[in-house]
1. When we measure straight from the Cα of Lys135, which lysines land under 21 angstrom away, once same-chain ones fewer than 8 places off are left out?
2. By its C-alpha gyration tensor, with a ≥ b ≥ c as the square roots of the eigenvalues, how is the stretch 3-109 shaped: rounded for a/c under 1.5, else prolate for a/b larger than b/c, else oblate?
3. Determine, from the Cβ-Cβ distance of Asn100 and Thr172 and an R0 of 30 Å, the FRET efficiency 1/(1 + (r/R0)^6), rounded to the nearest 0.05.
4. Taking all protein chains as present, what is the carbon and sulfur share of the accessible area of the stretch 83-133, in % to the nearest whole number, probe 1.4 Å?
5. Just to confirm a number: summing +1 for Lys and Arg and -1 for Asp and Glu over residues other than Ala182 whose beta-carbon lies under 10 angstrom from that of Ala182, what do you get?
6. Relative to the compact globular guide of 2.2 N^0.38 Å, what is the alpha carbon radius of gyration of the stretch 93-187, as a ratio?
7. Of the listed peptides 159-165, 67-73, 121-127, what is their order by residue-averaged count of other C-beta atoms within 10 Å, with the highest listed first?
8. Would you work out if the stretch 78-121 is rounded, prolate or oblate? Take a ≥ b ≥ c from the square roots of the eigenvalues of the alpha-carbon gyration tensor; rounded if a/c is under 1.5, else prolate when a/b is larger than b/c, oblate otherwise.
Amino acid sequence: MSEGHIIDVNTSSRVPDTARGAVVAIGNFDGVHRGHAAVLGLTRKVAAQSGTVPGVLTFEPHPRHYFQPHVPLLRLTPQADKVARLTQAGMKTVFVYDFNADLANMTAEDFVDTVLIKQLGVRAVVIGPDFHFGKGRTGNADTIRAAGIHVHVMPQTCDEAGETISATRIRTLLQQGDIAGANALLG
């Protein structure tokens with residue numbers, strides 16, 4: 001697999017052979033905060049142990065925008081900034097999936113088969129502990145493992161006070177005007 005790919009895809013795209021076979025972290029990665037940094041660090045470690053490169057599978061627009069278009073979403077980072085931060089964190093390939101009706105209506109099993117196996121040929125997947133996917137959010141780590149893919153679940157990353165670091169929490173801090181608190185979680 002060659003390095004340095006940013007690939008915009010949908011569920012029917014053909015991914016170049018040179019972009020297949022990565023260890024892939026899956027998630028939205030809005031803000032690429034300290035919790036995400038831990039996931040990306042584990043992705044780099046697993047990729048090095050597997051003899052391949054680390055990558056990310058992310059979504060645009062944010063799935064919440066698709067499911068709740070009437071509810072404003074405070075984005076922590078626009079797509080271009082998010083991709084730049086992911087590549088700065090050592091991700092060699094960033095797959096940006098178009099979050100549309102096809103993806104939203106895909107069952108978890110179809111997502112694993114179509115996207116992870118057939119399109120990307122992933123070596124392994126790294127996810128956070130609350131990661132769910134597929135229509136109705138029915139898929140989880142066990143769904144991926146059932147297809148024979150190695151799954152690494154990163155435990156929750158907490159701040160110094162023991163509270164979970166998340167994009168939702170950062171958005172809340174920003175809405176409350178706590179810029180210093182948000183920046184501390186963003187790293």
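The values are calculated or read from the model by the stated rules, or taken from the named source; none is laboratory data. None of these values were measured; they are calculated from a predicted model. Cβ placement follows ideal geometry from the backbone for every residue including glycine, while neighbour counts extend to all protein chains displayed. Each accessible area value is taken on the protein alone, full model and side chains, heavy atoms only, with ligands, DNA and RNA left out. Shrake-Rupley method; radii C 1.70, N 1.55, O 1.52, S 1.80 Å.
1. Lys118
2. Numbers: a/c = 1.98, a/b = 1.32, b/c = 1.49.
Verdict is oblate for the stretch 3-109.
3. Details: r = 28 Å, r/R0 = 0.94.
Calculated transfer efficiency: 0.60.
4. 45 percent
5. +1
6. 1.31
7. Working: 159-165: 11.0, 67-73: 9.3, 121-127: 22.3.
The densest-packed peptide leads the list: 121-127, 159-165, 67-73.
8. Working: a/c = 3.85, a/b = 1.71, b/c = 2.26.
Cα axes put the stretch 78-121 in the oblate bin.
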